[in-house]
1. For the range 193-235, what is the per residue volume of the convex hull drawn over the alpha-carbon atoms, in cubic angstrom?
2. Taking a cut-off of 26 Å, what percent of all Cα-Cα pairs in the chain are separated by more than that?
3. Can you show me the helix-derived [θ] at 222 nm for the chain, built from DSSP H runs with n ≥ 4 at -39,500 (n - 2.57) apiece and divided by the number of residues, rounded to the nearest 500.
4. Starting from the Cα gyration tensor of the range 279-359, multiply each eigenvalue by 5, take the square root, and state the resulting semi-axes largest first in whole Å.
5. How far is the Cα center of the range 110-153 from the Cα center of the range 171-240, in Å?
6. For the range 206-352, what mean projected area does the convex hull of the alpha carbons give, in nm²?
7. Take each of the peptides 96-105, 294-303, 347-356, average the number of other beta-carbon atoms within 10 Å over its residues, and list them starting from the highest.
8. For a quick protection proxy, order the peptides 264-274, 210-220 by their average other-Cβ count within 10 Å, most packed first.
């Protein structure tokens, strides 16, 4: 038996099919994965993301500590509620985890890390906090619900006290605010608009039921994966891990090498790699034949070498197979993917495939 979120019993009541995900019993789908995917693209869907770990970093040394800990620079966070996506690296520049950090106030930052890495993340963060004026607090008392889709923000706002609705709806992307004992953030992992809500664990089931009643469909991990792939968003453990750097995982934009005076864990290794030249890059793939791209399939690139698919799926929006791949730097145009011993043509495309319901590549 795996770990269970505060919504576990509700998932059973709603008929969800549960699977092990990072040591947690999580819903992979409730009815049709295709219908759940399309609900998020056209209306609103709900995801239980309580398996992810909320960590509060508190103390007078919080900002200095996070400037050292993270590859992106928390000095970009000056407005209360502003959030930042970053990687947390080891000394070799490998990605321990990717995360979102939110500035609450000068002695309080909130971080959300991945489920499968939470124990290692907490241990690493506490190790790096040694000797600093900072406290690392795991918020196991909170649940997290992601409401995603073009109607999602309005549905969430209708649950809030009337005096809070306008200010919450006015939040810019990657900003959040406290609403009573909830924290509502305009973030997500689907390529659609929406909110992620951190709330007391004992309030999660009631909020979920009310959002269902308002028209948001319960959605599982299956739809979440096809949505994030269409949106060009990495999955830890597939597209990156502690042996891979952001520079070869499509995440160079999350690394703040300026100002040059800021040291951070992994900086020296990344600088050495940049100086030597990054040999591989991260790309999107569109399969041009019948078949489905899957992780670990071999790629053959004429006159360049070989690469590997890191994530792949059938895209409900494009009605084609799509994927991510790590390939030699010189790769461009066409590649071939080895699917069950056959080499099938695939086209290299710029990510993302889909955002806010719009197809962004040429089919």
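Please treat every number below as a calculation from the coordinates, not as lab data. Fair warning: this is a prediction, and the values are worked out from it, not measured in the lab. When we count neighbours, we look across all protein chains shown, and the Cβ atoms used for this are built from the backbone with ideal geometry, even at glycine.
1. 103 Å³
2. Tail fraction, whole percent: 52.
3. Working: 9 runs with 80 residues, N = 363.
Calculated at 222 nm, the ellipticity per residue is -6000 deg cm²/dmol.
4. Equivalent ellipsoid of the range 279-359: 20, 15, 10 Å, largest first.
5. 15 Å
6. Numbers: hull surface 48.4 nm².
The orientation-averaged projected area of the Cα hull of the range 206-352 comes to 12.1 nm².
7. 96-105, 347-356, 294-303
8. Values: 264-274: 16.9, 210-220: 19.4.
Result, highest mean first: 210-220, 264-274.
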